[in-house]
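The values are calculated or read from the model by the stated rules, or taken from the named source; none is laboratory data. Since we're looking at a predicted model, the values are computed, not measured. So basically every Cβ, Gly included, is an ideal-geometry build from the backbone, and we count neighbours across all protein chains shown.
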Amino acid sequence: MRENVRTIKVINQVIWPPIISSLLYIFIFGFSLGKNFEIGDVSYLVFLVPGLIMMNVIMSSFEESSSSLFLGKFINYIQELLIAPMSHWEIALGFLFGSILRAFVIANLIFIVFLFFIDSGIYSVWMYVYFILFVSVIFASIGLIIALWAEKFDHLAVLNTFFITPLLFFGGVFHSIKLLPEIFQKISLINPLFYMIDGFRYSMIGVSDGNVFVSMAVVFVLALVTFSFAVYLFKIGYKLKV
């Protein structure tokens, strides 16, 4: 509940910026560069939208949990949670709920805005929910892990700058990996973000570069592993003082 209230209080900082930036991407890449360009049987604009939504799900869920936990360490309110009669997984889950809510709100708002520009619905609603849910769990958990490790705010940007952003751009947000040379297609298949983006794209427009069931399995396993590791760090009190 605390995380949800915090998100609402800073809505102008966490909700509207991703929507505005996504619109800029659409106008630049969708309406200009991709105006007469198609991928498979869909226009480039329709192809681009799921990638932009998933990119914002990934970044927003990571930012929500990492900044929230690090702020809790910084102002020491995390101590209240540690001494409360809650298990370690309940504490971790509390942080995750805020990230999941933010991810769903942003994803759905961006989708609603894009309906004014594209004639497309959701191909599979349950897959749409599945990928947003598990991907937000993955990056919310990673955010908790990084926040526990971080000793100053600059450390929170390390993963985002050097890992998440590059992997996003090579994961198929803006392009189909089938357009790449064969060697780069194979390299893309070891990028976990490719499976998140590709699976989510299938859920929205029914088009994918890979096997959607493989994508579903990858995100499920990664969600289980990252959340379990985050809970373990809370359990051992990693860089936490009571």
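Residue by residue through the range 104-146, note down the ones that are small (Gly, Ala, Ser) and either within 24 Å of Leu93 (Cβ to Cβ) or surrounded by 17 or more Cβ atoms within 10 Å (Cβ to Cβ) (or both).
Matches in the range 104-146: Ala107, Ser120, Ser136, Ala140, Ser141, Gly143.
Only one of (1) surrounded by fewer than 18 Cβ atoms within 10 Å (Cβ to Cβ); (2) charged (D, E, K, R); (3) assigned to a helix (DSSP H, G or I) is not met by Lys239, so which one is it?
Lys239 satisfies all of (1) surrounded by fewer than 18 Cβ atoms within 10 Å (Cβ to Cβ); (2) charged (D, E, K, R); (3) assigned to a helix (DSSP H, G or I) except (3).
Return the pairs, sorted by first residue and then second, in which the second residue is at pLDDT below 90, the first residue lies in the range 103-121 and is farther than 18 Å from Val46 by Cβ, the beta carbons are less than 6 Å apart, and the residues are 6+ apart or on different chains.
That search, which allows pairs on different chains as well, returns Ile106/Pro18; Leu109/Ile19.
Report, ordered by the first and then the second residue, all pairs with beta carbons closer than 6 Å, sequence separation of six or more or different chains, a first member in the range 62-75 that is outside any helix (DSSP H, G or I), and a second member that is surrounded by fewer than 24 Cβ atoms within 10 Å (Cβ to Cβ).
none
When the range 170-190 is examined, which residues are found to be assigned to a loop (DSSP other than H, G, I, E, B) and within 21 Å of Phe37 (Cα to Cα)? Steps first, answer last, please.
Going through the range 170-190, the residues assigned to a loop (DSSP other than H, G, I, E, B) turn out to be 170-176, 180-181, 189-190.
Phe170, Gly171, Gly172, Val173, Phe174, His175, Ser176, Leu180, Pro181, listed by residue number.
Going by the structure shown, is Lys178 charged (D, E, K, R) and within 23 Å of Phe95 (Cβ to Cβ)?
no
Which numbered condition in (1) on the phi > 0 side of the Ramachandran plot; (2) free of Cβ contacts under 8 Å to residues at least 12 places away in the same chain is the only one that Lys239 fails?
Status for Lys239: all satisfied but (2).
Can we say Val221 is free of Cβ contacts under 8 Å to residues at least 40 places away in the same chain and farther than 30 Å from Tyr44 by Cα?
yes
Being more than 26 Å from Ser43 (Cβ to Cβ) and either surrounded by 19 or more Cβ atoms within 10 Å (Cβ to Cβ) or not β-branched (Val, Ile, Thr) (or both) is the filter here, so list the residues in the range 165-191 that pass it.
Pro166, Lys186
Sort out which residues of the range 139-169 are over 18 Å from the mean Cα position of the chain (by Cα) and in a helix (DSSP H, G or I), and write them in order of number.
Leu148, Trp149, Phe153, Asp154, His155, listed by residue number.
I'm trying to understand the selection: among the residues of the range 214-238, which are modelled with pLDDT under 95 and more than 17 Å from Phe95 (Cα to Cα)?
Across the range 214-238, the qualifying residue is only Ile236.
Given (1) more than 18 Å from Ile58 (Cβ to Cβ); (2) modelled with pLDDT of 95 or more, identify the lone condition not met by Asn211.
So the condition that Asn211 fails would be (2).
Identify, from the list Phe194, Phe153, the residue that is under 21 Å from Phe139 (Cβ atoms), in contact (Cβ under 8 Å) with a residue 12 or more places away in the chain and loosely packed, with under 15 Cβ neighbours inside 10 Å.
Phe153
Only one of (1) surrounded by fewer than 18 Cβ atoms within 10 Å (Cβ to Cβ); (2) assigned to a helix (DSSP H, G or I); (3) not hydrophobic (A, V, I, L, M, F, W, C) is not met by Thr226, so which one is it?
(1)
Which members of the range 188-213 meet the condition of being of a type in the set (S, T, N, Q) and more than 15 Å from the chain's Cα centre (by Cα)?
Ser188, Ser203, Ser208, Asn211
Can you tell me which residue is modelled with the highest pLDDT among those in the range 1-40 that are among the hydrophobic types (A, V, I, L, M, F, W, C) and within 26 Å of Leu93 (Cα to Cα)?
Trp16
Can you pull out the residues in the range 88-138 that are acidic (Asp, Glu) and in a helix (DSSP H, G or I)?
Once the filter is applied, which keeps residues that are acidic (Asp, Glu) and in a helix (DSSP H, G or I), the range 88-138 yields only Glu90.
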